[in-house]
Structure formats: C-alpha cells, structure tokens
Amino acid sequence: MNLNQVTIPSLDVEKSVEFYKKLGLKLIVKSFPKYARFESPDGDATFSIHKVEDLPKGTGISVYFEDDNLDALVKNLQNKGVEFIELPEDKPWLWREAHLLDPDGNHIILFHAGINRKNPPWRINDDNK
C-alpha cells in the first residue's frame, strides 16, 4: 500500500492554491471553485484542496512537508511574505520543524528529518514485537 493523496478542506480554493504554489507544490488539476490538486516536487504523493461550506471544528488538520534544505526554504518563503507561527527549531524527536497556517487555518509543518523520518533510534522493528 502506498499513500496517494491527502485532501484538505478550504473555504476559498483559489486563495489556498496560491498559498500552496508558494510552498513549491505543482498544480496539476484546476477545477475552480471546488477543487485543485498538486504534485509534490519530490516523490509520487499528491495533495488536494476541496471546497467546503464550513471548516472542521477543533484541532483540525496537520500536514507535514519535508524538505532537505528547510532553513533555506523558510527564508525563501518569508521573502515571499509567508508568515510562520514557529521558525525552524530542532525537536526532541530528532526532526527540525517550522510551523505555519494556510489561509483556512490548517496547520502546516515544514520539516527535515532525514533518516529519522521513518527510522528514529526508538523505532520498533519486527523482532521487537
């Protein structure tokens, strides 16, 4: 099994598309005003935005995008006017993360984890069941 796509809700798909294009995603489906889909610049995953009348209540959605040059990416986005709620910081779980919100308040985490993304020192292996 392979993760194909994540879809997030939006009150204004066109506004959200501009935000995610700034992040570096490539628009591949444009069905305004209801839907848009992107390709990730690396890998095979896709990401889409679907129009809703009301956003979910509560904690909401968190989406993680990994970049090998996180600090340079954040600086570049800041130069484009993107605001962050947390600048790059090393976390105890061995990831470096920066946090921001998209136009609908969805929590976006830009991060770099390298090998620790799927293989942290505390990973449970088959022989440790």
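The values are calculated or read from the model by the stated rules, or taken from the named source; none is laboratory data. Owing to the predicted nature of the structure, the values given are computational and were not obtained by experimental measurement. Every residue, glycine as well, gets a Cβ built from its backbone with ideal geometry; the counts of neighbours run over all protein chains shown. Ligands, DNA and RNA are excluded from the accessible area calculation, which covers all protein heavy atoms including side chains. Shrake-Rupley method; radii C 1.70, N 1.55, O 1.52, S 1.80 Å.
Filtering the stretch 1-24 to residues that are under 18 Å from LEU110 (Cβ atoms), in contact with a Ser or Thr (Cβ under 8 Å, 6 or more places away or on another chain) and either of a type outside the set (A, V, I, L, M, F, W, C) or modelled with pLDDT of 95 or more (or both) leaves ILE8, SER16. Within the stretch 85-108, if we keep just the residues that are in contact with a Leu (Cβ under 8 Å, 6 or more places away or on another chain) and of a type in the set (A, V, I, L, M, F, W, C), the residue that is nearest to VAL74 (Cα to Cα) turns out to be ALA98.
On the stretch given as the stretch 1-23, residues that are open to solvent by 40 Å² or more (accessible area, probe 1.4 Å) and either more than 22 Å from ASN76 (Cβ to Cβ) or among the small types (Gly, Ala, Ser) (or both) total 10.
From the list THR59, THR46, the lone residue that is polar (S, T, N, Q), open to solvent by 40 Å² or more (accessible area, probe 1.4 Å) and under 18 Å from ASN106 (Cβ atoms) is THR59. Being open to solvent by 60 Å² or more (accessible area, probe 1.4 Å) and either touching a Gly at 6+ places or on another chain (Cβ under 6 Å) or free of Cβ contacts under 8 Å to residues at least 12 places away in the same chain (or both) is the filter here; which residues of the stretch 78-120 pass it? Within the stretch 78-120, GLN78, ASN79, GLU89, ASP90, PRO92, ILE115, LYS118, ASN119 meet the criteria. The residue list LYS91, LYS118, LYS75 contains one member that is in contact with a strand residue (DSSP E or B) (Cβ under 9 Å, 6 or more places away or on another chain) and among the basic types (Lys, Arg), which is LYS91. Restricted to the stretch 62-72, and to residues there that are open to solvent by less than 70 Å² (accessible area, probe 1.4 Å) and either touching a Pro at 6+ places or on another chain (Cβ under 9 Å) or among the charged types (D, E, K, R) (or both), the residue that is farthest from ALA45 (Cα to Cα) is LEU70. Under the condition of being part of a strand (DSSP E or B) and within 19 Å of GLY105 (Cβ to Cβ), the residues counted in the stretch 25-37 number 1. All but one of (1) closer than 23 Å to THR7 by Cβ; (2) of a type outside the set (D, E, K, R); (3) under 15 Å from the mean Cα position of the chain (by Cα) hold for PHE32; state the number of the condition that does not hold. Evaluating PHE32 over (1) closer than 23 Å to THR7 by Cβ; (2) of a type outside the set (D, E, K, R); (3) under 15 Å from the mean Cα position of the chain (by Cα) leaves (3) as the failure.
Within the stretch 31-43, work out how many residues are open to solvent by less than 50 Å² (accessible area, probe 1.4 Å) and of a type in the set (Phe, Trp, Tyr). Going through the stretch 31-43 one residue at a time, the tally reaches 1.
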